[in-house]
């Protein structure tokens, strides 16, 4: 099998003979059958586990293409304003290509720990004395006025690369599913999946299109509220975005597909997060669990037909955000004497999970 | 392609028709060409990136088989004494099978944060008032006297599952490499790879056998020193083991294959760790980098022929141990005014990594 999305899906991507064969083996992520939840909910649920990507999130699919095209077009440096998955991914692929990655962040507003993944991949960090919007505006201007390439979500190659996840879902299932449920933050990913599903359908590779169901976090639900959220707040940091860049295309994806965009509370997100880890054995970022939380909400509303084939996208690896895991679960080890019989008695007693919840 | 090591390599494993088809899509991990290091060292270097496994380490290969066999044999609970990758993996597969996972740890000697991955997967934690050796002794006794299955490394299915990584290396390269370099802690993994390479060779699937080169951390180098290390110390926590369980088979693997077991310093480990993340774009656990550090040491000694095909095993995901990353790199963001020209000037100046090293 060819490795990486450029080698595998090049005929669907804006690549040329001159595009570098860049890959860190992104894509080809597992589609894991959620056997517990399928049985509980009477549906056929699959999890697209994007945390298996090289830097631990779906961003790698778009970033490999954005960086390869930047190099093809003569750029020797990329720039972004990001403190999370985007900068980690940009730094990994940039260093692989031997070019610079510059990350601009607002000084004093960012926990440096969030940047450790980007920094370990060799990113240069510039802290400007302003806020995040100002940092973003500056990197946009710099990309316009110099040969440094912007790899924030406005870079069109990002969506192109990300759509390959929809191809993989169809390739694996033999067709598109009935429903695709996905977290919505900046709204680029739902737009990318919809693009991918439509392209496969137009080429006759799949016979149908899924209903696209996107879920924002309630405290950052700009699309659901119909207005920009000035101070977005949610435990799901990866979708804590108050003004989604791909707002319109996301709304169109939901409308065209007969789907919806709805919101879920932090409580619902964390319940799904614990359920996925504690029953399915899949540990994702809190934001990822918004897809499963939203699905559950609409199953309870009676919107999802029994037996429906559903794919929930889990956008990032749980190891990305261990502090949320630690806060969401209260570890309560049972203290016992150092004695075989005492331990055996504890083992044979009622099993008790080491934390509250699930 | 079949998913998981039981489905893919069942004919080489002790499975029956009654073995559950358990998988979290472990295995099938990337073999990434290390283009920078290959050029620098004049060899053909590939990285077997085991951090892509479902819980982020190679342990998943052995654990899926250990848990599946436990269920096949009627067990409804597994037990281990572990605070790291083993317990995380055991908990994920156990919860997937709907059975209990009990983790016994020494009370007060373990940072609970280390257990978060196991706990989020529903493990029950028992803290005994003793040390680690006592905890291990207790779980051994309990497994002997009850129907709870021990999944620590003495469980023979662990090595069986782990040998599939050697099959994958041969499948991907078309034959065994010249040299296989691997971190050595408990010494089970080098033993497993060697078993896998020999089985493929005996069956005529590969035409040759690699030299097995294992590397311990200097502060925990029991095999190299020839004696148990009472108080092992190294930054590479995943191989901080003073009395390897598979000591003898590891020594045999090195001897039979014409390889070696050597040690590397923490400094050498961290240098390789930074080099992998900062130049190849691959972020691994510190312990994983021992394989590359050891290879470098022997390249400098002149032991490695020019052009040799080498596979270095990277056993775990860098996201498992972000605190080491943060300590190994000193993040130094450059503070500048919030002004496009100031940022552009910084960008156009000499690129400066945000941390010392590499």
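Kindly provide the set of residues from region B:1-22 that are under 16 Å from residue B:93 (Cβ atoms), in contact with a helix residue (DSSP H, G or I) (Cβ under 9 Å, 6 or more places away or on another chain) and assigned to a helix (DSSP H, G or I), ordered by number. Can you show your working first?
At the first step, the residues of region B:1-22 found to be under 16 Å from residue B:93 (Cβ atoms) are B:3-7, B:13, B:15, B:19-22.
Next, only the ones that are in contact with a helix residue (DSSP H, G or I) (Cβ under 9 Å, 6 or more places away or on another chain) stay: B:4-6, B:13, B:15, B:19-22.
B:5, B:6 - these are the residues of region B:1-22 that are under 16 Å from residue B:93 (Cβ atoms), in contact with a helix residue (DSSP H, G or I) (Cβ under 9 Å, 6 or more places away or on another chain) and assigned to a helix (DSSP H, G or I).
Yes or no, residue by residue, for (1) at negative phi; (2) at pLDDT 95 or above; (3) within 15 Å of the chain's Cα centre (by Cα); (4) crowded, with 21+ Cβ neighbours inside 10 Å:
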| residue | (1), (2), (3), (4) |
| --- | --- |
| B:20 | yes, yes, no, no |
| B:49 | yes, yes, yes, yes |
| B:65 | yes, yes, no, yes |
| B:78 | yes, yes, no, yes |
- request: Look at residue B:251 and say whether it is closer than 24 Å to residue B:86 by Cα, in a loop (DSSP other than H, G, I, E, B) and touching a residue at least 24 places away in the same chain (Cβ under 8 Å).
  value: no
query: Looking at residue A:236, is it without any contact (Cβ under 8 Å) to a residue 60 or more places away in the chain and over 22 Å from residue A:303 (Cα atoms)?
result: yes
- request: Taking residue B:292 as the residue in question, decide whether it is at pLDDT 95 or above, crowded, with 24+ Cβ neighbours inside 10 Å and more than 9 Å from chain A (Cβ to nearest Cβ).
  value: yes
query: Pick from B:196, B:219: which is modelled with pLDDT of 95 or more and under 28 Å from residue B:79 (Cβ atoms)?
result: B:196
- prompt: Which of the following residues is at negative phi, part of a loop (DSSP other than H, G, I, E, B) and crowded, with 16+ Cβ neighbours inside 10 Å: A:299, A:261, A:331?
  reply: A:331
- prompt: out of contact with any strand residue (DSSP E or B) (no Cβ under 9 Å at 6 or more places or on another chain), surrounded by fewer than 24 Cβ atoms within 10 Å (Cβ to Cβ), over 26 Å from residue A:191 (Cα atoms) and not assigned by the TED database to the domain that holds residue A:231: does that describe residue A:108?
  reply: no
Within region A:31-57, considering residues that are touching a helix residue (DSSP H, G or I) at 6+ places or on another chain (Cβ under 6 Å) and assigned to a loop (DSSP other than H, G, I, E, B), the one farthest from the other protein chains (Cβ to nearest Cβ): A:34
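Which one of these is farther than 30 Å from residue B:33 by Cβ and buried (at least 20 other Cβ atoms within 10 Å of the Cβ): B:142, B:182, B:159, B:99? I'd like the intermediate steps shown before the answer.
On the way: B:182 fails: farther than 30 Å from residue B:33 by Cβ; B:159 fails: farther than 30 Å from residue B:33 by Cβ; B:99 fails: buried (at least 20 other Cβ atoms within 10 Å of the Cβ).
That would be B:142, the only listed residue that is farther than 30 Å from residue B:33 by Cβ and buried (at least 20 other Cβ atoms within 10 Å of the Cβ).
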- line: Matching residues in region A:184-204 (farther than 18 Å from residue A:27 by Cα and touching a strand residue (DSSP E or B) at 6+ places or on another chain (Cβ under 9 Å)) number 3
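Confirm whether residue B:29 is in the same structural domain as residue B:274 (by the TED database) and closer than 21 Å to residue B:118 by Cβ.
Answer is no for this residue.
Could you go through region A:310-321 and let me know if any residue there is in the same structural domain as residue A:227 (by the TED database), assigned to a helix (DSSP H, G or I), under 21 Å from residue A:239 (Cα atoms) and at pLDDT 95 or above. Explain how you work it out, then say what you get.
First pass over region A:310-321, keeping only residues in the same structural domain as residue A:227 (by the TED database): A:310-321.
Cutting the leftovers down to assigned to a helix (DSSP H, G or I) gives us A:318-320.
Keeping just the survivors that are under 21 Å from residue A:239 (Cα atoms) gives A:318-320.
Subsequent filtering for residues that are at pLDDT 95 or above retains none.
There is no residue in region A:310-321 that is in the same structural domain as residue A:227 (by the TED database), assigned to a helix (DSSP H, G or I), under 21 Å from residue A:239 (Cα atoms) and at pLDDT 95 or above.
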field: Among the residues listed as B:150, B:173, B:136, the single one being in contact with a helix residue (DSSP H, G or I) (Cβ under 6 Å, 6 or more places away or on another chain) and surrounded by fewer than 24 Cβ atoms within 10 Å (Cβ to Cβ)
entry: B:150
task: Report the residue count in region B:205-235 for those that are over 14 Å from residue B:186 (Cβ atoms), in contact with a strand residue (DSSP E or B) (Cβ under 6 Å, 6 or more places away or on another chain) and not in a loop (DSSP other than H, G, I, E, B).
output: 5
Residues of region A:325-343 satisfying the condition of being modelled with pLDDT under 75 and more than 7 Å from chain B (Cβ to nearest Cβ): A:328, A:330
- line: Listed by range, helices (runs of 4 or more DSSP H) wholly within region B:72-173 having at least 1 residues that are within 11 Å of chain A (Cβ to nearest Cβ) and over 20 Å from residue A:280 (Cβ atoms) are B:132-145, B:164-173
task: From the list B:250, B:236, pick out the single residue that is buried (at least 24 other Cβ atoms within 10 Å of the Cβ), under 18 Å from the mean Cα position of the chain (by Cα), away from every other protein chain (no Cβ under 14 Å) and at pLDDT 95 or above.
output: B:250
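Of the residues B:319, B:314, B:276, which single one is under 23 Å from residue A:77 (Cβ atoms), within 14 Å of another protein chain (Cβ to nearest Cβ) and crowded, with 23+ Cβ neighbours inside 10 Å? It would help to see each step written out before you state the result.
On the way: B:319 fails: under 23 Å from residue A:77 (Cβ atoms); B:314 fails: under 23 Å from residue A:77 (Cβ atoms).
It is B:276.
The values are calculated or read from the model by the stated rules, or taken from the named source; none is laboratory data. Just so it is clear, the structure is predicted and the values come from calculations on it, not from any experiment. Because the Cβ atoms are built from the backbone with ideal geometry, glycine has one as well, and the counts that use them run over all protein chains shown.
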